[in-house]
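Presented below is the structure to which this report refers.
FYI, it's all coordinate maths here, none of it is from the lab. On a predicted model such as this, the values are computed, not experimentally measured, just so you know. So basically every Cβ, Gly included, is an ideal-geometry build from the backbone, and we count neighbours across all protein chains shown.
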Amino acid sequence: MKIGKVNVKVSIVAIAVFVFFTILLLVTSIYNPEVRSQLIWLIPGLFMLLVIPIALNYMSRSEYADLEPLYEVQAKSVRIKLINESMVGKVVRVEGVVEQVHFQFLNRPQYTVADRSGAISVKMFTSPNEDVKVNDIVEILGQVIKRYIVTGDPVINCVSIRKKIKAPE
Amino acid sequence: MTIEDKPLHIDRKTERYLEIAIPVASFGATLIGILLWMLGFEINFQFFAVGCIIGSCLLTYLAWIRPKKDIVALSTPIYAIIFFVVPTEYSVGVTLQLLYSVSLTILLIRLKYRFGAPGTAAAMGKQLADSIKTYIEQTSSSFTGVRPDTAHDAAVVFVQFAHGEYREAARRAVAAAIGQMEDVGQAATIVRAFSIVKEHSILIDKSLPRPLTYEVFRPEEYGLLAKPQLPAYDDDHEFYAVLDNALLLLLSVAWTNSEDDRPHLLACQTFALKLLDE
């Protein structure tokens with residue numbers, strides 16, 4: 001779904017929650033007259049289950065879209081090997097192969113990206129512009145952070161992930 | 001195990017005792033509770049959850065002393081409090097505590113096999129790791145006599161590069177290479193190392209690709225390098241190996257001749273270990 005220039009994606013979990021409560025509301029309103037009298041509140045409430053994730057995704061996507069040109073200017077192209085905990089806060093550009101993809105269904109994808117010098121975790125706190133799959137060659141723009149904010153190994157907080165070469169089908 | 005490899009927080013024996021203590025404390029307290037109830041002492045069963053809480057705290061400690069942190073193991077005391085703060089009946093309490101003890105044991109196994117060993121002094125940046133120490137010992141005699149200010153420059157360039165401050169590293173490397181005119185056996189090699197780091201720092205800072213020609217060490221200097229220049233290396237590999245060698249050489253110069261900078265170099269040790277890694 002496109003709102004303005006932002007391509008909004010709703011996670012499958014949000015849709016599943018919406019569908020579950022819709023069915024629940026339908027069933028209970030059929031059997032329970034008291035629920036039917038509350039439908040004027042319950043139906044808007046039900047739609048909020050979809051509207052809120054859409055709004056949040058729109059806000060985060062537009063925020064990331066604003067950050068992308070800034071990161072484009074600031075980022076230094078580095079090998080993954082050079083990224084270490086002393087670089088926390090630095091904006092980097094990394095190119096590599098996607099080895100693993102996790103949590104894409106939550107709109108919070110986490111990738112393991114490797115180049116010839118090593119591998120690193122890349123976290124994204126919103127849905128990416130493109131559907132990135134394992135074996136895609138990608139360019140990542142992001143900031144080096146610690147995995148658990150104050151502790152943990154360095155990871156990249158990704159602002160943009162772009163496919164350079166698609167994985168063979 | 002060498003002195004450099006020793007664990008920072010606890011020795012292996014204590015760690016093993018703590019690992020055993022987790023299931024012993026959590027299952028043990030619950031089993032004592034069951035036994036007392038069977039003997040007719042109907043004490044509030046909530047008290048026997050103390051074993052689970054102790055087990056959680058021990059697990060948290062074991063997770064905390066590892067360089068790679070396990071957020072699940074670290075947060076178990078919070079769950080222990082949430083689960084056991086409310087008084088429960090005997091049957092519910094037994095089930096909850098036994099299930100919790102099983103979970104703690106599974107988390108302990110997960111911690112051991114997925115999150116590595118507790119941090120050693122080297123891994124935590126308190127001591128020099130064996131591999132780096134060996135390289136520095138091999139090369140230190142060649143770099144003895146380097147002026148302290150040159151060694152300090154080498155430390156600053158290394159640290160700035162590790163911190164991703166490439167422009168500053170390049171600037172400092174240029175100044176250091178110009179100033180490095182003393183009559184030391186390996187002065188030319190040190191100057192070359194500064195020049196290589198400068199060249200790479202500028203390329204990274206400006207996000208430029210690998211140039212067709214670039215500065216390299218000479219064959220007679222290979223003995224001073226941490227990583228051998230293998231003939232099997234392709235152009236990219238060779239280009240980056242030159243930088244790794246130059247940075248490690250500056251580390252050796254700095255460590256040997258600038259004691260005041262050692263804490264800063266130790267703080268960047270994980271970076272040096274990555275450079276040394278093939």
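The table below lists the values:
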| read-out | value |
| --- | --- |
| Prolate/oblate/rounded label for segment B:130-276 (Cα gyration tensor, a/c 1.5) | rounded |
| FRET efficiency estimate (nearest 0.05) - Cβ-Cβ, B:Val72 to B:Asp149, R0 60 angstrom | 0.75 |
| Residues in segment B:245-278 that a label on B:Glu215 would reach, taking backbone N under 18 Å of a point 7 Å out along Cα→Cβ | B:245-254 |
| Label-reachable residues, segment B:91-114, where backbone N falls under 12 Å from a point 7 Å from A:Asp153's Cα toward its Cβ | B:114 |
| Sorted largest first, extent of the protein assembly as shown alpha carbons per principal axis (Å) | 93, 66, 37 |
| Sites B:Ile81 and A:Ile40, calculated FRET efficiency, Cβ-Cβ separation with R0 41 Å, nearest 0.05 | 0.50 |
| Rounded if a/c under 1.5, otherwise prolate or oblate - segment B:3-114, Cα gyration tensor axes | prolate |
| Within a Gaussian network of chain A (alpha carbon springs, distance under 10 Å), most fluctuating of A:Ile80, A:Ile30, A:Ile43 | A:Ile30 |
| Under the Karplus curve 6.51 cos²θ - 1.76 cosθ + 1.60, θ = phi - 60°, whole-Hz ³J(HN,Hα) for segment A:121-132, x wherever Gly or Pro sits | 7, 10, 9, 10, 9, 8, 6, x, 5, 10, 7, 8 |
| Using alpha-carbon coordinates, inclination of helix B:50-64 to the longest axis of chain B, degrees | 10 |
